[in-house]
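One structure below.
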Amino acid sequence: MTPLTVLIVACLVCNDTNSVSSLDRPTAGTRNTVEWEGEQYSSVSADTSLRPEQTMPAGVEVAYLDRSMQYLLNAHEAWYKRGNAHFVVGRLEKAIEAYDRALQYEPKFDQAWHNRGVALAAQGHYEEALQSYARAIELQSGRAVVWYHRGIALIRLHRFSEALAAFDRTLQLEPAHYKAARHRGVVLFARGRYAAALAAYDLALKHKPDHYPAWQNRGNVLLKLGRAEEALQSYNRVLRHQPEHEAIWQSRGDALSQLGRNRDAVASYDRALELNPDEAEAWRLRGASLAALGRYRDAVSSYDRALERNPEEAQTWNGRGVALALLGRDDDARQAFQQAIVLAPHAWQAAFNWGMFVYERGHTDEAIALWQKSLAVDASANAPRMALAVALYVNGNLPDGLRNATTALTNNPQYAQLKFVRQQFGSNRLMADARTLFANPEMAALLDQIERGEALANQRSQPSPRPFS
């Protein structure tokens, strides 16, 4: 172990269908199975479902319908079915034209309005799709599928409150609509309401236990809640049925890393990269796990592979700087931290890590400036706040040192424990200086107050003893 140990601040970004950007955008030519009113068809949309009145084989030729139009008494029905046939083979413009013709004959044809909206959404025209859905709902407000598709379009437009209301309405009309329950969880996750998102995913799985996107979503939200062991079980559930799912292997690595099982995490990232060698984020996360194992050269190599694929990712430069610092490659480390700050001037982690690196080298004033820069970006960041407190105190600025320490301890009482401080910093010099700060009588009184407050809180949380019967 080298004398310098630097905190690796790495945000494990889960690849996730929880995130709005990861929702499957329906595009022409992507063949996926979707639910129709009567049976299942192969269609161009991953998240949409048309509902024709009558079902036909998916391979029906549009030309056949053209020849038989003259025999059909209801022109609006004929154009509607023609639109469905175009949609099935990915001719979205033609489908929309056909639905428009159907609506010319019958303006109150709610299913044509709905399917028109689906085709528009498949092209990415979400505002226009919403207009079609609104007309369909005006004509027939009790169809759950229209409310569901309205919710999907609203997610795409980041109109989360309205999307949540649309999914709630879907579930009122069809309580077992597992896709609506899952996408309701997606919205809640995007809004940071993780416990509610978990409940939504569990509802989806109650109605559809083999709905594996919901298991993936569930794993991701459990990671956010710090319940990595349960997240791992959810990911394993998916992999038993979809062993080639690259994103799940990557998320599984995240869970293992959070559990401190970094060797297993590396193996999981390796499997993800076998399936998709061009995934820069997997290379980055692999580098972080390798650094946690003390394999700094391998970590640098993994970060380099990530940067070959995405040279604009600040977290990769930050992690690379940490690994280089631990290898004693000071100039390279400094350049990596500088690049991270240039790419992400509104993130505090790179400046903090750089400060840890220079503080250990004895450059106190430079470290103080870097930690102040971190706090200028995010005043709520406790790690640079506590590090700054220690440095100011031992540098002779006792009032500011005690003030910053009090703020850090108030925000996170765990900093009252030297063991926690060591876990957060690891720096030999900073740890020794922290002991000096903690020995200050005013600081010792604050630490004692925090300790007594925690003991009182623990006592209050204990169940009251039962009276004798």
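Each value in this text was obtained by applying a stated rule to the coordinates, not by laboratory testing. Values in this document were obtained by computation on a predicted structure and should not be read as measured data. Counting neighbours? That spans all protein chains shown, and the Cβs are built from the backbone with ideal geometry, glycine included.
Values for this structure:
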quantity: Reachable lysines, given that their alpha-carbon falls under 26 Å from the alpha-carbon of LYS224 and they are not under 8 places away in the same chain; calculated: LYS179, LYS206, LYS208, LYS419
quantity: Cα coordinate range in the range 260-359, projected on the principal axes (Å, largest first); calculated: 38, 25, 20
quantity: Under the Karplus curve 6.51 cos²θ - 1.76 cosθ + 1.60, θ = phi - 60°, whole-Hz ³J(HN,Hα) for the range 265-278, x wherever Gly or Pro sits; calculated: 4, 4, 4, 5, 5, 4, 5, 4, 6, 4, 7, 8, x, 9
quantity: R0 of 45 Å, Cβ-Cβ distance MET431-GLN131: FRET efficiency to nearest 0.05; calculated: 0.15
quantity: Convex hull volume of the range 165-307 per residue (C-alpha atoms, cubic angstrom); calculated: 104
quantity: The range 220-367, relative contact order [Cα under 8 Å, separation at least 6], %; calculated: 13
